[in-house]
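Every number in this text was worked out from the coordinates using simple rules, so none of it is lab data. This is a predicted model, so every value here is computed, not measured. Cβ placement follows ideal geometry from the backbone for every residue including glycine, while neighbour counts extend to all protein chains displayed.
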Amino acid sequence: MEIISKFTIGSDEGVNDLFTVVKSYVSTTYKELISEEEIKHYIENWDPRKMINELNNLSNQLIISYADHKPAGYGILKSGSEYPGSPEGKRFTELNFVILPEYNTPETRESLWKKCRTAASFTDIIWTNILTQDPLLEFLKDSGFTIKENAKTEPFQLPSYIVEMQVSKNE
């Protein structure tokens, strides 16, 4: 399988690829946790125009991983996005890191992570809010993330962790 992770602009094509992953991820990840109606409502109310505008903000970056030219995962980096209670005086970057279960291989994880890590090299701390049972949690911990606190995830307020990774040594 050919795996490519690349920076993607907030265009119709880029957002369509992103939505392909979001729709599949939400449907599979949450199917045992919340009602089908809630999932359907979330997917139906996803706004591509809003996402294009968000991605065209210069402090946000989208990286999509493709497996044999099919969208397999994504990383969205949001510079300057802090979590509640985060330490002051640090530069934070929020990471949304998603890989579809059928593509969750070491090669896909490493490809996407390498691009995300490079894109966030200017920050002090990378953080994310990840479901407690997300299969990518162990990969993130192995990559240097540590659990900071218990939280709830968007959009369904399910149990999660705030995990963070020190990038620079700006003490």
Query - Ascending count of other beta-carbon atoms within 10 Å, so fewest first, for HIS69, HIS41 - result: HIS69, HIS41
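Note down the relative contact order for region 3-166 as a percent, whole number, built from C-alpha pairs under 8 angstrom at least six residues apart. Before the final figure, lay out each step's value.
On the way: 269 pairs, mean separation 33.1, N = 164.
Over region 3-166, the number comes to 20 percent.
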Report task. Quote the Stokes-Einstein diffusion coefficient, in whole µm² s⁻¹, for region 3-166, based on the Kirkwood radius over alpha carbon pairs, a temperature of 25 °C and a viscosity of 0.890 mPa s. Result -> 152
**Report entry** Spin-label pair GLU149/GLU32, simplified geometry with 7 Å Cα→Cβ offset, distance in nm
**Finding:** 2.9
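Of all GluC sites (Glu not before Pro) in region 43-107, which ones are in loop regions per DSSP and have a Cβ with at most 13 other Cβ atoms within 10 Å? Spell out each step's value before the answer.
Details: sites: GLU44, GLU54, GLU82, GLU88, GLU94, GLU102, GLU107; in loops: GLU82, GLU88.
Counting only loop positions with at most 13 other Cβ atoms within 10 Å, the GluC sites (Glu not before Pro) in region 43-107 are GLU88.
Would you mind checking LYS31/LYS70; LYS50/LYS148; LYS70/LYS148; LYS6/LYS152; LYS114/LYS141 for any pair whose Cα atoms are more than 25 angstrom apart?
Working: LYS31/LYS70 23 Å; LYS50/LYS148 30 Å; LYS70/LYS148 34 Å; LYS6/LYS152 29 Å; LYS114/LYS141 15 Å.
Result: LYS50/LYS148; LYS70/LYS148; LYS6/LYS152 exceed 25 Å.
Between PHE19 and PHE122, what is 0.36 nm times their sequence separation minus the Cα-Cα distance? Round to one decimal in nm.
Residue separation times 0.36 nm, minus the Cα-Cα distance, leaves 34.3 nm.
Where in the chain is the longest stretch that carries no trypsin sites (Lys or Arg not before Pro) classed as loop by DSSP and with at most 13 other Cβ atoms within 10 Å?
It runs 32-168.
Return the loop-located chymotrypsin sites (Phe, Trp or Tyr not before Pro) in region 110-167 (DSSP other than H, G, I, E, B) with at most 14 other Cβ atoms within 10 Å of their own Cβ; answer none if there are none. Don't skip to the answer; put the middle values down first.
Numbers: sites: TRP113, PHE122, TRP127, PHE139, PHE145, PHE156, TYR161; in loops: PHE122, PHE145, PHE156.
Taking region 110-167 and a limit of 14 other Cβ atoms within 10 Å, the loop chymotrypsin sites (Phe, Trp or Tyr not before Pro) found are PHE122.
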